[in-house]
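Comments concern the structure below.
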Amino acid sequence: MKKMYLIFVFMLSALFCQAAAVAVTISGFAFSPAQTTVQVGDVITWTNMDNTLHSIVSTAVPAGAAPFTSGTFGKNETFTYTVTEAGDYTYQCGVHTSMLGAFTATITTPVVKPTLILEALYPNPASASIHIESPKSIKSIDIYSETGVLVKTLAFTSASVDVPIGELNKGAYLLRITSEDGMFDTRRIIKL
């Protein structure tokens, strides 16, 4: 259950980490860029560089998206809108209706590698070695300290391996087991 929760948290944080600030300038009675592509979650900021008042008014938004209207704003003032739905958006200046702009919002799907499911890992705790069995050939095992420092990397070419841990100091370690096809699993072990 904890593993599923952590995967969910990492995927959610990845989505928010990908949000970007997108700048649109209003100058010479035109939007620049007049058309762009953004990601859901991005924040678009329009900045008025003209000496004239302008406003931003949505003319079409995808289903589920909030329409937007800025009200008038002057030189060096801004208006922001957070994109919440994928699809095509169009807008115009409410004061100068010949000023048109558009953006397309897409969704970035995070790539999540399938997890390697081990068949066995024993004994744990251990003092000399840990035996690991996997349905796939194991390529490498990285041993990390509790503080996240890489202590050792071991290379393998078998689905059944014995990991020597006798030279490690007593304490807890994390093993990152990676298969030949790039799948991985992370396990905590105790060195006696």
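Each value in this text was obtained by applying a stated rule to the coordinates, not by laboratory testing. Keep in mind it's a predicted model, so treat the numbers as computed, not measured. Using ideal geometry, Cβ is built from the backbone for each residue, glycine included, and neighbour counts are taken over all protein chains shown.
Would you mind estimating how fast the chain diffuses translationally, via Stokes-Einstein at 37 °C and 0.692 mPa s with the Kirkwood radius over Cα pairs, in µm²/s? Using the Kirkwood radius from Cα pairs, D works out to 158 µm²/s. Between T153 and Q35, the simple label model (points 7 Å from Cα in the Cβ direction) yields a spacing of 4.6 nm.
Kindly put D42, D162 in sequence by how many other C-beta atoms sit within 10 Å of each C-beta, fewest to most. Before the final figure, lay out each step's value.
Numbers: D42 19, D162 12.
In increasing order of surrounding Cβ atoms, one gets D162, D42.
Magnitude of the Cβ-charge dipole of the chain, K/R +1 and D/E -1, about the Cα centre, nearest 20 debye?
Result for the chain is approximately 520 debye, rounded to the nearest 20.
Between T72 and A128, the modelled labels are 8.6 nm apart [label points 7 Å from Cα along Cα→Cβ]. Mean silhouette area of the range 64-108, derived from the convex hull of its C-alpha atoms and averaged over all directions, reads 3.8 nm².
The mean sequence separation of alpha-carbon pairs under 8 Å and at least six residues apart, normalised by the residue count of the chain, gives a relative contact order of 15 percent.
The lysine pair tally for the chain, using Cα distances under 28 Å and a gap of 8 or more places or different chains, is 23.
Extension gain A19-T47, at 0.36 nm per residue separation less the Cα-Cα distance, in nm?
Taking 0.36 nm per residue and subtracting the Cα distance, the gain is 8.2 nm.
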